[in-house]
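Here is the structure we will look at.
The values are calculated or read from the model by the stated rules, or taken from the named source; none is laboratory data. A quick note: this is a predicted structure, and the numbers were derived from the prediction, not measured. Every residue, glycine as well, gets a Cβ built from its backbone with ideal geometry; the counts of neighbours run over all protein chains shown.
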Amino acid sequence: MVARRAMMFLAGSIALVLGIAGVLLPVIPGTPFLILAAAAFNRSSPRFHTWLLSIPHVGGAIRNWESTGSISLGAKIWSTLLLLVSLSFTLTREAIPLWARISAAITVGLVLLYLWTRPHR
């Protein structure tokens, strides 16, 4: 049981670092990693879970996700905009192989499909 909690705490810590990187870098999505960190901390360290929920700009989104599985409309719009800008950059670069451009377009399409089928508040 202790080993499981330690592994969950490690997973939460890694997800938290990736989430922070995602907040700072437009290439990495931060929110999914922060939600993953909250789930891992909820199973391993209630103190860290409570701390994560208390962060002003992040805590509300995590609470909404945990309670209703919803994503705010503003977050959906902002995410869509950033994904489309990133995709347009990828699609217009001839140096990027065709298979990679197609793969990126499919991935962005699936992410947007998932994103916009979640309820919003």
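In this structure, does residue 27 turn out to be modelled with pLDDT under 90 and either hydroxyl-bearing (Ser, Thr, Tyr) or within 30 Å of residue 81 (Cβ to Cβ) (or both)?
It is true that residue 27 is modelled with pLDDT under 90 and either hydroxyl-bearing (Ser, Thr, Tyr) or within 30 Å of residue 81 (Cβ to Cβ) (or both).
Only residues that are within 14 Å of the chain's Cα centre (by Cα) and of a type in the set (Ser, Thr, Tyr): list them for segment 9-60, please.
Across segment 9-60, the qualifying residue is only 31.
Here is a yes/no grid of residues against (1) in contact (Cβ under 8 Å) with a residue 12 or more places away in the chain; (2) aliphatic (A, V, I, L, M); (3) out of contact with any helix residue (DSSP H, G or I) (no Cβ under 7 Å at 6 or more places or on another chain):
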site	(1), (2), (3)
6	yes, yes, yes
13	yes, no, yes
35	yes, yes, no
38	yes, yes, no
41	yes, no, no
47	no, no, yes
54	no, no, yes
59	no, no, no
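Could you figure out which of (1) at pLDDT 90 or above; (2) touching a Lys or Arg at 6+ places or on another chain (Cβ under 6 Å); (3) of a type outside the set (Asp, Glu); (4) more than 28 Å from residue 1 (Cα to Cα) isn't true of residue 70?
Of everything listed in (1) at pLDDT 90 or above; (2) touching a Lys or Arg at 6+ places or on another chain (Cβ under 6 Å); (3) of a type outside the set (Asp, Glu); (4) more than 28 Å from residue 1 (Cα to Cα), residue 70 misses just condition (1).
Among (1) in contact (Cβ under 8 Å) with a residue 40 or more places away in the chain; (2) in contact with a Pro (Cβ under 8 Å, 6 or more places away or on another chain), there is one condition residue 75 misses while meeting the rest; what is its number?
Here residue 75 clears every test but (2).
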